[in-house]
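Throughout, read-outs are computed from the coordinates displayed, never taken from laboratory work. Because the structure is a prediction, the values reported are computed rather than measured. Using ideal geometry, Cβ is built from the backbone for each residue, glycine included, and neighbour counts are taken over all protein chains shown.
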Amino acid sequence: MNQTKEVRTRFAPSPTGFLHVGGARTALFNYLYARSQGGKFILRIEDTDQNRSTEDSFKIILESLQWLGIQWDEGPGVGGDHGPYIQSERLGIYKEYTDKLLKEKKAYRCFCTQEELEAKKKQAEAMGVPYVYDGLHANMSDEEVDAKLKAGIPYSIRFKTPSKTLIIDDIIQGKVKFETKLIGDFIIVKSDGFPSYNYAVVVDDALMKISHVIRGVGHLSNTPRQILLYEALGYEVPEFAHASEIVGMDGKKLSKRAGATSILAFRDLGYLPETFRNYMALLGWTSPDGREFLTSGELETIFDVHRCSKSPSTFDVFKKPKGGDEEVVTNFSDLAQIAEAMNPKSKLNWLSNRTIRDLNISKVLEALFPFIRDRKDIPEEVKNPSNTTLTSIVESVRVYLDNLTQAPDYIAEFFVTDLRIQSEEAAGFLKEGDGPKVVGEFYGMLKKEAPKTDEDYKNLMSKVGEISGQKGKTLYMPIRAATTGKSAGLELPILFPLLGKEKLLQRIEKTAAEVGISLSS
Ligand code: GLU
């Protein structure tokens, strides 16, 4: 490789659906590699399939990349020296190259009808041989071609595939050998006048001076066609890196729907873009020192496509499908069903918890806002991301969160005014055994003292333990039930300083009255 050449990578989505995990990982690898090499990352929209490309999909892809923080240096909305960056706006450019290939007899017009081609395919199938176009119109005279053109017969343009052995030295997949005679003459311009994917991609990658083509391994089989086109057009062939397949927890290719889940669903399920980037970077790549929890800054420095592995990478976000091909959920555009299908012990959740814990608190608060905005049980004035009460609460509870959707219930807990006992179990801890004694002692001591910090509350509870002769569960559970109405939740020394003495006393009075224990004053 020419080391002095600028690294230029690109992400080239077709706007035919959501940005899903496979596409997002491709975008990320290209972005990170460009960043780590001090190069440029280009976004190009491949909308030559007129039937399947939609404006909605284009917008969703852009929104998804923006959410992930994958910024392009050149592309739609940003511009650059090699535009336009949307293929449907480049038809004139492709035509120029097509004319050249036709003139040099490296390509030819094919007047075969759809029915004729289907029949040839069927015949090959019946004979049990792979279908290769027979090159019927490869050697027509100029006069014959002109006559057909004049008659208005529709045509596509095919590349005259030279027969040779190609060895691709892929950065990730290693050396892969192809016999090009198995490809046959393939279409570079469709009968609607639009270029085929394999053709447009080469013209664009060449003109946009792409140095590294990083994409999913599914495209490896397209690479020989593309290399032949680079050679025919007289362009330098870029480096190729085909990233490993992403498989599910069952080791099989991601199910169609799971694989097609929109990246934005994870935003709506309370995952931070930092987490998702970190998670996706590990799908087929490992850091030099084996660390997995990496900041975006670190990733942008150390990511190297040469460290990618060719073995499949496991996307452990969804639970293993229950036997056979059965899917865990039926509707991957329904958030509740996606949440239901998720694996609680995934690496994504582990990274998410670490990110939520470690990230600058103001970023967490900002991302949290949409999740608390509509909650009636959280006071309006507290919802502002710069509110100090909210800040202290989130500082205290964030260690417990695997995603931001879990935060509102914890936060609401601090603002309960009409506390009620929530379960039989909680009521039991309060009423039975030494429960009433523990609660009574805690209440009495709290009245007398003025605890402020978590340490103060810990000390206070130890004293209650000494006096009542209780420790562990029989000490904490009655206090928890009396102050929260529940038998599980936040650690009490975290909750208590934020609630404050007065609220705690009121809560205990309410719950005690509910179960009929009298508190000595
Ligand atoms: N438009 C192609 C796709 O979305 C791009 C493939 C490539 O990166 O060459 O699959």
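Brief remarks follow.
- The range 1-128, Cα convex hull volume normalised per residue, Å³: 203
- If you look at the Cα atoms of the range 53-130, you get an Rg and a Dmax of 20.2, 52 Å.
- Sites TYR235 and ASP334, calculated FRET efficiency, Cβ-Cβ separation with R0 60 Å, nearest 0.05: 0.85
- DSSP-defined beta bridges in the range 125-276 - what % are antiparallel, rounded to 5: 65
- Each Cα pair under 8 Å and six or more residues apart adds its separation to the average, and for the chain the resulting relative contact order is 12 percent.
- Rounded to the nearest 5, the antiparallel percentage of DSSP beta bridges internal to the chain is 55%.
- Neighbour-limited loop hits for GluC sites (Glu not before Pro), the range 195-271 (at most 15 other Cβ within 10 Å; DSSP other than H, G, I, E, B): GLU236
- Unsatisfied cross-links (Cα-Cα over 28 Å) in the set LYS103/LYS150; LYS122/LYS310; LYS175/LYS253: LYS122/LYS310
- Principal-axis tilt of helix 454-468 within the chain, Cα atoms, nearest 10 degrees: 50
- Expressed per residue, the C-alpha convex hull volume of the range 223-275 stands at 159 Å³.
- Pairs exceeding 22 Å between alpha-carbon atoms, taken from LYS486/LYS510; LYS105/LYS164; LYS345/LYS383; LYS105/LYS148: LYS345/LYS383.
- Translational D in µm²/s for the range 148-306 (Stokes-Einstein at 37 °C, 0.692 mPa s, Kirkwood Rh from C-alpha pairs): 175
- Cleavage-rule hits, chymotrypsin sites (Phe, Trp or Tyr not before Pro), the range 48-77, DSSP coil, Cβ neighbours within 10 Å at most 13: none
- Angle in degrees between helix 501-515 and the longest Cα principal axis of the chain, rounded to the nearest 10: 80
- Size of the chain: Rg and Dmax of its alpha carbons, in Å, are 31.6, 110.
- Computed from Cα positions, the angle between helix 473-484 and the longest principal axis of the chain comes to roughly 80 degrees.
- Going from the residue with the fewest nearby Cβ atoms within 10 Å to the one with the most, MET280, MET342, MET249, MET127 rank MET127, MET249, MET342, MET280.
- Each residue of the range 368-384 is assigned a 3J(HN,Hα), and the resulting list reads 6, 3, x, 7, 10, 3, 9, 7, 6, 8, 10, x, 3, 5, 7, 6, 4 Hz, derived from the Karplus form 6.51 cos²θ - 1.76 cosθ + 1.60 (θ = phi - 60°), x at Gly and Pro.
- The range 173-249-the range 110-139 distance, computed between alpha-carbon centres (Å): 23
- Those trypsin sites (Lys or Arg not before Pro) in the range 103-167 that DSSP places in a loop and that have at most 13 other beta carbons within 10 Å: LYS105, LYS164
- Protection proxy ranking, peptides 358-370, 390-402, 11-23, average beta carbon neighbours within 10 Å, highest first: 11-23, 390-402, 358-370
- The equivalent ellipsoid of the range 59-191 has semi-axes of 34, 23, 16 Å, largest first, where each one is the square root of 5 times an eigenvalue of the Cα gyration tensor.
- Other residues within the sphere of radius under 12 Å centred on the Cβ of ASN360, judged by their own Cβ, net out at -1 (K and R +1, D and E -1).
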